[in-house]
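Trainee: The structure follows.
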């Protein structure tokens, strides 16, 4: 499994991804799921990937080849993030269909692509296994792929488009921490890429290793703060009217 | 969808369930998913149900009928919670198999059964759609059915077997609140049943209605406490070594 999240703010974009790849619990490896493409001062893209590793590697290889070959359509001449998402969706489908005939095996993959092209605003899009895509909105400024449920509540509670890059980065790491705590197949190294709007360059990248003291402290602090938050809730009012259940079957 | 949780503690058992049933988002109804059976002073069972409504209703009807008919095996003569879970598993499979031939339709259901029989300890068991079951353990004193992911983290952080019934009840309601916030198909009324160990009677039941002021206050308090918990985290250290990503494709 995988967990990747991208957050699109007025101030820029935060990308965060884990690096654990598994085929069963006894075949675990580390692969980066964050891929960067850009021309400084002109355009920057970050792609996060989830799903079948052969598919995602095939898609990324195709993107690189198209850039190298200066293909008619490639990330360095495409005119918008939406167009890039369509291009990525086609590459995704083509790669999956290469292997489709084997029944009962899924080669599905999904992607988040985000970034900025000079003259346009920063944007993020989620490309589904089916090849279509959605973009984020002002009311939901983030997109997730992979194991998204455990880490979703904190994003919903904290993020708005005017959240700072610092706060959103912290929020992404807390979201990642909650996911790692509950799902064994999501794990470090954790990669964080922070893109500042209109900078048209990527220069804030950090990789938190397995033994990262920062991640360990964040894990401990978040756990103890959550327990404190729970302990300070008003206690359950035991003076409720307590009844017997309506749907009750009693013996004599 | 559904969310039900049962927590087995030294002090007794807490059961909590939502009441929303849906077949698509425009066919939503309210059905209790909590069913109680018992003979005061001798034995008490609470059953929580998730999955296909026709299956769960069929299973509960069969349990009631067996009690009424004083069948060879019924909840009022069964000798342990494990045996009750096996009996429930068989009834579950039988009910599902009645309709199995229609391809592509799932009649699956799962259950939690918990309670106490005089002379034994309180216990909870989760009965899978396949008919088999697991019981809770000292290190994982709770069981969930339905949409379990959103509400799991808080249970993991708070519960141990020596948690009080009051704290565990509050924890179950917070877990339910997180689930309702993230999944539209889980909703009130919320039923809470608190069984005190060795009481062999069920007399602490409360149903929180849609407009429950308590639930609304809990929702608000938990949200603001979580935001405070997040705000008080140590800020991200922007003095990290920030690099360019390793896997980066740059234009000239």
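The values are calculated or read from the model by the stated rules, or taken from the named source; none is laboratory data. Since this is a predicted model, take the numbers as computed values, not measurements. Every residue, glycine as well, gets a Cβ built from its backbone with ideal geometry; the counts of neighbours run over all protein chains shown.
Trainee: Taking residue A:139, is it more than 25 Å from residue A:185 (Cβ to Cβ) and either at pLDDT below 95 or within 14 Å of chain B (Cβ to nearest Cβ) (or both)? Quick ask: steps written out before the conclusion?
Mentor: Working: more than 25 Å from residue A:185 (Cβ to Cβ): yes; either at pLDDT below 95 or within 14 Å of chain B (Cβ to nearest Cβ) (or both): yes.
Against the criterion (more than 25 Å from residue A:185 (Cβ to Cβ) and either at pLDDT below 95 or within 14 Å of chain B (Cβ to nearest Cβ) (or both)), residue A:139 qualifies.
Trainee: Does the range B:77-96 contain any residue that is under 20 Å from residue B:21 (Cα atoms), in a helix (DSSP H, G or I) and without any contact (Cβ under 8 Å) to a residue 40 or more places away in the chain?
Mentor: Kept after step one, since they are under 20 Å from residue B:21 (Cα atoms), are these residues of the range B:77-96: B:92, B:95-96.
Checking which are in a helix (DSSP H, G or I) leaves us with B:92, B:95-96.
Cutting the leftovers down to without any contact (Cβ under 8 Å) to a residue 40 or more places away in the chain gives us B:92.
Checked the range B:77-96: at least one residue is under 20 Å from residue B:21 (Cα atoms), in a helix (DSSP H, G or I) and without any contact (Cβ under 8 Å) to a residue 40 or more places away in the chain.
Trainee: So residue B:53 clears everything in (1) more than 18 Å from residue B:92 (Cα to Cα); (2) surrounded by fewer than 21 Cβ atoms within 10 Å (Cβ to Cβ); (3) under 17 Å from the mean Cα position of the chain (by Cα) except one condition, right? Which one?
Mentor: With respect to (1) more than 18 Å from residue B:92 (Cα to Cα); (2) surrounded by fewer than 21 Cβ atoms within 10 Å (Cβ to Cβ); (3) under 17 Å from the mean Cα position of the chain (by Cα), residue B:53 is out only on (1).
Trainee: Let me ask another. Checking the condition under 19 Å from residue B:237 (Cβ atoms) and either within 11 Å of chain B (Cβ to nearest Cβ) or modelled with pLDDT under 95 (or both), which residue from A:182, A:148, A:169 passes? Full working, then the answer.
Mentor: Details: A:182 fails: under 19 Å from residue B:237 (Cβ atoms); A:148 fails: under 19 Å from residue B:237 (Cβ atoms).
Result of the check over A:182, A:148, A:169: A:169.
Trainee: Separate question: Checking residue A:154 against (1) touching a strand residue (DSSP E or B) at 6+ places or on another chain (Cβ under 9 Å); (2) outside any loop (DSSP other than H, G, I, E, B); (3) within 11 Å of chain B (Cβ to nearest Cβ), which single condition isn't satisfied?
Mentor: It fails just one condition, (1).
Trainee: Read through the list (1) within 11 Å of chain B (Cβ to nearest Cβ); (2) over 14 Å from the mean Cα position of the chain (by Cα); (3) buried (at least 19 other Cβ atoms within 10 Å of the Cβ), then give the number of the only condition that residue A:117 fails.
Mentor: (1)
Trainee: Out of all the residues in the range A:220-229, is one or more in contact (Cβ under 8 Å) with a residue 40 or more places away in the chain and in contact with a strand residue (DSSP E or B) (Cβ under 9 Å, 6 or more places away or on another chain)?
Mentor: Start the filter on the range A:220-229 by keeping residues that are in contact (Cβ under 8 Å) with a residue 40 or more places away in the chain, which leaves A:222.
Okay, now just the ones that are also in contact with a strand residue (DSSP E or B) (Cβ under 9 Å, 6 or more places away or on another chain), so none.
The answer is no, given that none of the residues of the range A:220-229 is in contact (Cβ under 8 Å) with a residue 40 or more places away in the chain and in contact with a strand residue (DSSP E or B) (Cβ under 9 Å, 6 or more places away or on another chain).
Trainee: Oh, and also: Could you please find all residues in the range A:192-207 being surrounded by 14 or more Cβ atoms within 10 Å (Cβ to Cβ), more than 7 Å from chain B (Cβ to nearest Cβ) and either modelled with pLDDT of 95 or more or over 16 Å from the mean Cα position of the chain (by Cα) (or both)?
Mentor: Across the range A:192-207, the qualifying residues are A:192, A:194, A:195, A:196, A:197, A:199, A:200, A:201.
Trainee: Let me ask another. Of all the residues that make up the range A:56-76, how many are more than 20 Å from the chain's Cα centre (by Cα) and either without any contact (Cβ under 8 Å) to a residue 24 or more places away in the chain or not in a loop (DSSP other than H, G, I, E, B) (or both)? Talk me through it step by step, then tell me what you get.
Mentor: Of the residues in the range A:56-76, the ones more than 20 Å from the chain's Cα centre (by Cα) are A:61-62, A:64-76.
If we keep only those that are either without any contact (Cβ under 8 Å) to a residue 24 or more places away in the chain or not in a loop (DSSP other than H, G, I, E, B) (or both) as well, we get A:61-62, A:64-74.
Qualifying residue count, the range A:56-76: 13.
Trainee: Now for a separate question. Looking only at residues that are away from chain A (no Cβ under 14 Å) and out of contact with any strand residue (DSSP E or B) (no Cβ under 6 Å at 6 or more places or on another chain) in the range B:24-64, which one is modelled with the highest pLDDT?
Mentor: Selected residue: B:58.
Trainee: Using the structure shown, decide if residue B:125 is more than 14 Å from chain A (Cβ to nearest Cβ) and either under 14 Å from the mean Cα position of the chain (by Cα) or part of a strand (DSSP E or B) (or both).
Mentor: Working: more than 14 Å from chain A (Cβ to nearest Cβ): yes; either under 14 Å from the mean Cα position of the chain (by Cα) or part of a strand (DSSP E or B) (or both): yes.
It is true that residue B:125 is more than 14 Å from chain A (Cβ to nearest Cβ) and either under 14 Å from the mean Cα position of the chain (by Cα) or part of a strand (DSSP E or B) (or both).
Residues checked against (1) in a helix (DSSP H, G or I); (2) modelled with pLDDT of 70 or more; (3) within 7 Å of chain A (Cβ to nearest Cβ):
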position	(1), (2), (3)
B:211	no, yes, no
B:216	yes, yes, no
B:221	yes, yes, yes
B:226	yes, yes, yes
B:230	yes, yes, yes
B:235	no, yes, yes
B:245	no, no, yes
